[in-house]
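Notes follow the structure.
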Amino acid sequence: MSLIEVNHIQKVFQTSIRREGRFGMLKSLIRPQMKTLTAVEDISFSIEQGESVAYLGPNGAGKSTTIKMLTGILEPSGGTIRIGGLIPHKNRKRNSYQVGVVFGQRSQLLFDLPVKDSYELLRYMYSIPHSVYRRNLDEFADVLEVGHLLSRPVRTLSLGQRMRCEILAALLHEPEILFLDEPTIGLDVVAKERIRAFIEKINREKGVTLLLTTHDMNDIERLCHRTMIIDKGHLIYDGSLQYIKEHFATERQIRAVFPDAVAAQLAAGVYMDMAGVSVRLEEQVLRLTYDQHVTDTAELLRLLLQRANPRDLTMQDESVDALISRIYREGITESKHPHRHIGEPLRVTGGVAQ
Ligand SMILES: Nc1ncnc2c1ncn2[C@@H]1O[C@H](COP(=O)(O)OP(=O)(O)OP(=O)(O)O)[C@@H](O)[C@H]1O
Ligand SMILES: [Mg+2]
């Protein structure tokens, strides 16, 4: 049995519709008209102890809803979840001992009180022995560099400072699993990097299992060996980011710098009528963008070197950011993934290095 087992979960929300017109609000109160919204339709996965998994998807895909079901805050409308053998919503308290959660958009610290008071409360709630509490607080405060913030009221902290304190709060009771829902949202580059370094460390050194949602691809490249992508409540990809890059990154750009604008213009002429290659010229810099699965890179380079005399050549593949947003927009389509069995719901698995 895996540490986390999710089988065909579903979450349907009932929401009331506000009626229009006179007395609309009153009517809605007396006899509410209900609408159902399926946030998670059918998602299954399992995660082993020690894994670090990214959980991606466009806005509204159902990521936070999944995490809330995993923590037991929400009860699935269908399907089953087992975490360390427990059913989260039925064993919410016992489950909370094995799980730590950080919601980037919501604080679990008491806003008006010093950070330390929230930690004391957590110590009491989780019955953390004094020595363990002390050791964890000292160690994490040191690595996260929050020691000087502990007596400050939470509301006076910057976002980056508060987020570091939140992560510490989630780990005081030494959970086996850490769920992070957009832990780096709104942070600057340096703050993000600090948090990433810490999360990476607890995964590597303490074997804490990670499930992380984010819209920042650097988080994933740095932290996660496995990526799951969901869309409209379905899992559409489960595998490594590397596999996505290798199999789905199609766009490539060659940038050639010439000694002068005339040389660049001459070189550009060679590609002007070539199907599938877009040409951009700026002074002495020529950019050729093409689909590397259609156009042969070696052939393009050969032409370039035969007909012109570039001073410098660089090649760049589509960024992971661009790639993932394209997958969100277009999905993982059959043509781009030849192994799909027709008729099966699309769920791609790509090699995960264990
Ligand atoms: N309590 C709720 N009541 C009604 N609808 C909800 C509720 N919580 C979430 N939803 C809806 O369920 C869908 C999935 O929401 P969810 O928060 O899981 O998305 P997400 O993948 O986390 O998106 P984001 O990237 O924007 O955080 C959305 O359409 C959302 O409006
Ligand atoms: Mg969310």
> So if R0 is 30 Å, what FRET efficiency would residue 197 and residue 135 give, r being the distance between their Cβ atoms, rounded to the nearest 0.05?
Replying inline: 0.90
> Pairing the Cα long axis of helix 297-307 with the longest principal axis of the chain, what angle in degrees results, from 0 to 90 and rounded to the nearest 10?
Replying inline: 40
>> Suppose R0 equals 51 Å. What FRET efficiency, 1/(1 + (r/R0)^6) with r the Cβ-Cβ distance, do residue 315 and residue 73 give to the nearest 0.05?
In response: 0.65
> Among 163-174, 277-288, 234-245, how do they line up from the highest to the lowest mean number of other beta-carbon atoms within 10 Å?
Replying inline: 163-174, 234-245, 277-288
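May I ask you to order 176-184, 101-109 by the average number of other C-beta atoms within 10 Å around their residues, highest value first?
Ranked from most to least packed, the peptides come out as 176-184, 101-109.
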> What Kirkwood radius, in Å to one decimal, follows from the Cα pairs of the chain?
Replying inline: 23.5
> In nm, to one decimal, how far is the residue 306 label point from the residue 23 one, both placed 7 Å along Cα→Cβ?
Replying inline: 8.3
>> Using only the alpha-carbon atoms, how far is helix 261-271 inclined from the longest principal axis of the chain? Give it as 0 to 90 degrees, nearest 10.
In response: 90
> So how tilted is helix 159-171 from the main axis of the chain? Cα-based, degrees 0 to 90, rounded to 10.
Replying inline: 60
> If you count, for each residue, the other Cβ atoms within 10 Å and average over each peptide, how do 78-84, 142-148 line up from highest to lowest?
Replying inline: 78-84, 142-148
> residue 63: which aspartates and glutamates have alpha carbons under 17 Å from its alpha carbon, excluding same-chain residues fewer than 8 sequence positions away?
Replying inline: 5, 41, 42, 75, 181, 182, 216, 219, 231, 238
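So how many Å³ per residue does the convex hull of the Cα atoms of segment 250-317 work out to? Walk me through the intermediate numbers first.
Values: hull volume 4.5 nm³, N = 68.
Taking the convex hull of the Cα positions in segment 250-317, it is 67 Å³ per residue.
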> With each pseudo-label sitting 7 Å past Cα toward Cβ, what's the residue 16-residue 265 distance in nm, one decimal?
Replying inline: 7.1
> Amide H to amide H under 5 Å from residue 230: which residues, 5+ apart in sequence or cross-chain, H placed 1.01 Å off N in plane?
Replying inline: 56, 57, 236
> Quick one: putting +1 on the C-beta of Lys and Arg, -1 on the C-beta of Asp and Glu, what dipole do you get for segment 92-196 around its Cα centre, in Debye to the nearest 20?
Replying inline: 260
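All of the numbers you see were taken from the coordinates with simple rules; none came from a lab. Source: prediction; values computed, not measured. Methodologically, a virtual Cβ is constructed for each residue, glycine included, from the backbone with ideal geometry; neighbour enumeration extends over all protein chains shown.
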